[in-house]
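Trainee: Supplied in structure tokens, the structure appears directly below.
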Amino acid sequence: MQSHAVDVFPDSQAFASDHKAGKSGGLYKEVDIIDIRQAAVEINLKEEIHKLFRPEEGPRKLPTLLVYDEKGLQLFEQITYLEEYYLTNYEIQVLRRSAAAVAKSIPSGSMVVELGSGNLRKVSLLLQALEDAGRDVDYYALDLSREELDRTLRQVPTFRHVRTHGLLGTYDDGREWLKKPDVAKRRKCIMSLGSSIGNFHRHEAAEFLRGFTEVLEPADTIVIGLDSCTNPSKVYHAYNDREGITHQFILNGLRHANEVLGSEEFKLEDWEVIGEYVYDNEGGRHQAFYSPVRDTTVLGETIKAHERIQVEQSLKYSKDGMQNLWRAAGVVESDRWMVEGDEYGLHLLTKPTTMEFGRKPSQYAQATLPSLDDWKNLWSSWDTVTQRMLPNEELLDKPIKLRNACIFYLGHIPAFLDIQLGKVTKLAPTEPAFYHSIFERGIDPDVDNPDHCHAHSEIPDEWPAVEAILSYQERVRAKLIKLYGDGQDSIPRDVGRAIWVGFEHEIMHMETLLYMMLQSDKTRPPSHTPVPDFKALAEKAYNERKDNVWFDIPEQCIVIGMNDPQEKLDFQGHFGWDNEKPAREAKVHAFQAKGRPITNEEYAQYMYDTKATKLPASWAGNKTNGNADGHTNGHVENGYAVPTSFLEGKSVRTVYGLVPLKYALDWPIFASYDELAGCAAWMGGRIPTLEEARSVYTHVDYMRQEQAERTLGKTVPAVNGHLVNNGVEETPPSKDSTLVSSKSSEGDGLFVDLTDANVGFNHWHPVAVTAHGDQLAGQGQMGGVWEWTSSPCRSMKASSPWPCTLDTQPTSSMASTTSSLVGRGPHTPELPAGSHSSTGTSATTYMLGAELDWSETCRTKWCLHQEGMNRKQWWQPVFNPGHHNRRTAQAALNPALPGRRGHHFAPVTAHICMVSSGFEL
């Protein structure tokens, strides 16, 4: 350990002395200090002294705040130079090593708010790193002392990119200030570079962190320093130094108390400081007490000699204590920077990355537009994927042939939104305007020849810097937020349509990008989630298996698509894509369908029996990598039809790395159309048509509703029963099942109950579907992937394409989709010739994957069939199941369910029909 931490500005104390003497080297630096106090601190502190000194129960205490007046802060500055006080040395050490990495986590345009005026030696390292990285940020130091703010900020050099400010007030004042609309809308990083959080009791520390977390937006971050030293001797001497400066610092609190109380209640010569170390399982703590050397009277109370009055504590955090703190505070650790020995570290905290939305249609589909909270949740997820899971070295790579480098998508998302908003608002393009020319349209393989691609935006010789693109992204987001300024209901429908399209578009690209990232071995797993125990999950799934049985689907009429007249600006309904309009009725023949989609195990058995050697794109032939759960030996023990030798050496791609296939056998398979069509035929069925898949969903909804009514009728017959003549019938009368509406109980058939769906990044991998083989799976019950249908893409006469709004051409590359089995029968139409040509891992030429379970809005789960649009136009599945407005990319499958557009290589599965139909992913 160093004997002293080196001052970054060795002449800073001389500078401070010169400044107090009125000298400033000929230059007078203006300091911007904002008074955010809501009440006089002294009044609150006086009340706190009386409250703690005369407690209703428990021992006497005094507020810790007493030790941090101006003189106390100056004494504390001396403490930071003491050899025994390891914390400052550690804090500076970790910043010297990691300031650039910390700065990298703070995008340009951010506000950096430090809780405390900051030790200049520490904060200057970070400010210089931000300057070196070209981050245009505003640094705010929050402190109770105007003098300390003024002194500290005057010593900070003048930077080109970093602007410095002071906030005069308490933590509570700072929290309220962060709620101000002009502050709340900016990206923020809240920082405590020391270990001040150790001054709180453990439950108070969690409440403190949660208090700041609650006022932050999803994309904001917190950087907290935590003392993890659990060496009792080292901790004790850090607070009981040989020179006695720490005891002077504590005793100064009594002098300050006298000032606050307005009288000399504490005679300093009557008091001493006692320090002690206390061990506990979560890391231990040091405590400081005031103790009179003789009997004395304070505020009319007699205090006996040697009685203890606690004023300060410094908690230490072990690994378990740290995890308990994060959990109680409702935050997740996204990164950390530690000193050698792990006795101190800086921890980057974020809100959990899930796309929060209600699971019932009445919750998620209550408005036609995504709310600002919906957008912020989406941005948080997008930033997690693009800035934390996608390494910089991967940005210029192309995980998938003929597509743009990953960096294109960072600029494409804001540029696309800016273009759509500009068309309806006539606002000028967000600068730099030339981004429209390079980021407007992505690369899509040609439908008829995937070795060629459609027209796309120019590819620059050198892409703009990542920081420049992220700054542009923030400006476009600010433009969107401004449109919500007068309330969501005030937004005109044409502007609302552009906003809705932008929201849908960003979610689809998040899925696409994740699928691309699955192809790379450089992708980082989501750091805020623990790696699942895939072996344990596999054992559980195996024990809960049910046979996959056939179900009779009756002949019925269903409604496909929706009505959304684009020319009627006073229309109040939900928005829809051009290729899902107008609504049409279809009569679907009776057939049979398997209860659940095809699984990895069934596909493996198909490969084994047919001696197929080509693996689906969602599998890999190498062994588990280091990011997986680490179980490489053994099997989930017996019972599987596929020989263990065939499974060995095969894995399934996930964002956690390669998961051994033997642990993913109960997951839905996602593969190309041709691969799944072959498997379905081998299993004695076929892939369903679009209409058949929708018929299955409709029948499932009907059965659920009937079951609910039957249960309710039996439970409360006199109230809920149907009257027959003069009596009461316990159960509802039978219904004619030969012709039923496709409308569900909520949402007019556009939306689906997602209560049990694998959506919203609750899982970053597919989930087992084999526990429900004895139940007919409906929309949203495919384990986290989309579903194939056998219907070719064709145009409907009544459909009219939008003016060219979107960014891509339709293509056939849909690599991952699952399939449902439908058995052939007399009413099963033959598939059109030539409709299933696939190339490599791409899906069929005219087939699209079905958007199955990932939409938070879920009309999800369709068959990727693009009806109502020309092959040259950008496409979407016909009925888009729903209120895309809040679509939350389903993070189940691979979590990238790109499937909407062919070029997305969506994870897709299939159902099996027999006159029987399969569906679902």
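Computed from the coordinates by the stated procedures, all read-outs in this text should not be read as laboratory data. Since this is a predicted model, take the numbers as computed values, not measurements. We place every Cβ from the backbone using ideal geometry, glycine too, and count neighbours over all the protein chains shown.
Trainee: Could you put LYS568, LYS360 in order, starting from the residue whose Cβ has the fewest other Cβ atoms within 10 Å?
Mentor: Values: LYS568 10, LYS360 16.
The fewest-first ordering by Cβ neighbours comes to LYS568, LYS360.
Trainee: Could you tally the net charge around GLU243, taking each other residue with its Cβ under 12 Å from the Cβ of GLU243, Lys/Arg +1 and Asp/Glu -1?
Mentor: Working: positive: ARG242; negative: GLU83, GLU84, ASP241.
It works out to a net charge of -2.
Trainee: A follow-up question, please. Sort the range 482-578 into rounded, prolate or oblate with this rule: let a ≥ b ≥ c be the square roots of the eigenvalues of the Cα gyration tensor; rounded if a/c is under 1.5, and if a/c is not under 1.5, prolate when a/b is larger than b/c, oblate otherwise. Working shown, then result.
Mentor: Values: a/c = 2.94, a/b = 1.41, b/c = 2.08.
Verdict is oblate for the range 482-578.
Trainee: Mind listing the long-range amide H neighbours of ILE34? Cut-off is under 5 Å, sequence gap 5 or more, other chains count too, H placed in the peptide plane at 1.01 Å from N.
Mentor: So ILE34 has HN proximity to GLY166, LEU167, LEU168.
Trainee: How far is it, in nm, from the label point at LEU396 to the one at LYS360 when both lie 7 Å from their Cα along the line to the Cβ?
Mentor: 5.3
Trainee: Report the extension gain between GLU276 and GLU648 in nm, rounded to one decimal, defined as 0.36 nm multiplied by the number of residues separating them, less their alpha carbon distance. Each step should come with its number before you reach the end.
Mentor: Numbers: separation 372, 0.36 × 372 = 133.92 nm, distance 5.76 nm.
Between GLU276 and GLU648, full extension yields 128.2 nm more.
Trainee: Mind checking the range 663-696 for chymotrypsin sites (Phe, Trp or Tyr not before Pro) that DSSP puts in a loop (not H, G, I, E or B) and that have at most 11 other Cβ atoms within 10 Å? Write down the numbers at each step before the final one.
Mentor: Numbers: sites: TYR663, PHE670, TYR673, TRP682; in loops: PHE670.
Answer in residue order: no site qualifies.
Trainee: Another question, then. Relative contact order for the range 491-624: what is it in percent, counting Cα pairs under 8 Å that are at least 6 residues apart? It would help to have the intermediate numbers written out before the result.
Mentor: Working: 84 pairs, mean separation 32.0, N = 134.
This gives 24 percent for the range 491-624.
Trainee: For the range 362-518, just run the numbers: alpha carbon Rg, then divide by 2.2 N^0.38 Å, N being how many residues it has.
Mentor: Values: Rg = 16.1 Å, N = 157, 2.2 N^0.38 = 15.0 Å.
So the Cα radius of gyration is 1.07 times the expected 2.2 N^0.38 Å.
Trainee: Share of Cα-Cα pairs in the range 95-167 beyond 13 Å, in percent?
Mentor: Numbers: 1595 of 2628 pairs.
Percentage above 13 Å: 61.
Trainee: Right, next: Loop only per DSSP, at most 13 neighbouring Cβ atoms within 10 Å: give me the GluC sites (Glu not before Pro) in the range 243-289, ordered by residue number.
Mentor: Values: sites: GLU243, GLU259, GLU264, GLU265, GLU269, GLU272, GLU276, GLU282; in loops: GLU243, GLU264, GLU265, GLU282.
Sites meeting the loop and neighbour criteria: GLU243, GLU264.
Trainee: Looking at the range 146-227 from every direction and averaging, what is the projected area of its Cα convex hull in nm²? Before the final figure, lay out each step's value.
Mentor: Details: hull surface 26.3 nm².
Orientation-averaged projected area of the Cα hull: 6.6 nm².
Trainee: What is the calculated FRET efficiency for ARG210 to GLN310, with r their C-beta to C-beta distance and R₀ = 25 Å, to the nearest 0.05? Present the calculation step by step, with values, prior to reporting the outcome.
Mentor: Details: r = 24 Å, r/R0 = 0.97.
E between ARG210 and GLN310, to the nearest 0.05, is 0.55.
Trainee: What number, in percent, do you get for the relative contact order of the range 233-319 if the mean sequence gap of Cα pairs under 8 Å and at least 6 apart is divided by its residue count? Please list the in-between numbers first.
Mentor: Details: 130 pairs, mean separation 20.4, N = 87.
Once normalised by length, the contact order is 23 percent.
Trainee: Based on the Cβ-Cβ distance of ILE34 and GLU333, what FRET efficiency does E = 1/(1 + (r/R0)^6) give at R0 = 22 Å, to the nearest 0.05?
Mentor: Values: r = 31 Å, r/R0 = 1.41.
Using R0 = 22 Å, I get an efficiency of 0.10.
Trainee: HN-Hα J couplings of the range 421-432 from phi, Karplus 6.51/-1.76/1.60, θ = phi - 60°, integer Hz, Gly and Pro as x?
Mentor: Coupling constants for the range 421-432: 5, x, 5, 9, 9, 6, 6, 5, x, 5, 6, x Hz.
Trainee: In terms of modelled amide H atoms, which long-range or inter-chain residues lie less than 5 Å from the amide H of ARG187?
Mentor: For ARG187, whose amide H was placed from the backbone, the distant partners under 5 Å are MET111.
Trainee: Another one. Rank by packing, highest mean first: peptides 536-543, 365-372, 691-698, with packing defined as the count of other Cβ atoms within 10 Å averaged across residues. Mind dumping the intermediate values first?
Mentor: Numbers: 536-543: 17.0, 365-372: 19.0, 691-698: 29.0.
Going from most to least packed, we get 691-698, 365-372, 536-543.
Trainee: What's the FRET efficiency of ARG794 with ASN563 using the Cβ-Cβ distance as r and R₀ = 22 Å, to the nearest 0.05?
Mentor: Numbers: r = 20 Å, r/R0 = 0.91.
So the FRET efficiency works out to roughly 0.65.
Trainee: Still on this structure: Compute the separation of the alpha-carbon centres of the range 558-612 and the range 238-267 and state it in Å as a whole number.
Mentor: Spelled out, the Cα-based centre of one part sits 73 Å from the other.
Trainee: With a 10 Å radius around each residue's Cβ, average the other Cβ atoms per peptide and rank 207-220, 244-257, highest first.
Mentor: On the way: 207-220: 18.6, 244-257: 20.4.
Going from most to least packed, we get 244-257, 207-220.
Trainee: Now for a different question. Where the Cα atoms of the range 233-319 are projected onto their three principal axes, how long is each span, largest first, in whole Å?
Mentor: 45, 25, 23
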